[in-house]
Amino acid sequence: MKLGEILVAEGLVTPADVDKAVERQKEMNWNITPDRVLWIKEELKGRRAAIEARYAQELKAIASDLEEIETLERAANAFASKHCHEGKPADVSGEAVGADVSGEAVV
């Protein structure tokens with residue numbers, strides 16, 4: 001059941017009122033005036049500005065995340081360089097590295 005039918009069934013409006021409202025809505029939708037075009041343009045500009053602001057925030061958050069991971073990477077490399085023995089590069093791939101009883105690295 002449509003809203004107009006519900007309102008008529010409840011006795012809140014008459015069928016003629018519903019018809020008038022529908023006609024007014026149709027006229028509004030198809031009545032293109034310079035003021036209406038200007039209003040729509042301004043609405044679209046506002047929507048574009050909001051989207052651009054969200055986009056800028058997301059780019060800033062991604063740049064911050066990238067900086068954090070690069071800092072972590074530099075710290076891991078510095079730690080590995082400092083604590084690497086016998087001139088062998090340390091494994092910073094995330095796999096566990098240990099030593100067997102002979103002192104050789106075990107992956």
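Please treat every number below as a calculation from the coordinates, not as lab data. Model, not experiment: these values are computed from the prediction.
General remarks:
- Straight-line reach from Lys41: taking Cα to Cα under 25 Å and skipping same-chain neighbours fewer than 8 places apart, the lysines in range are Lys26.
- Under-5 Å amide H pairs with Val13, H placed in peptide plane, nonlocal only: Val8
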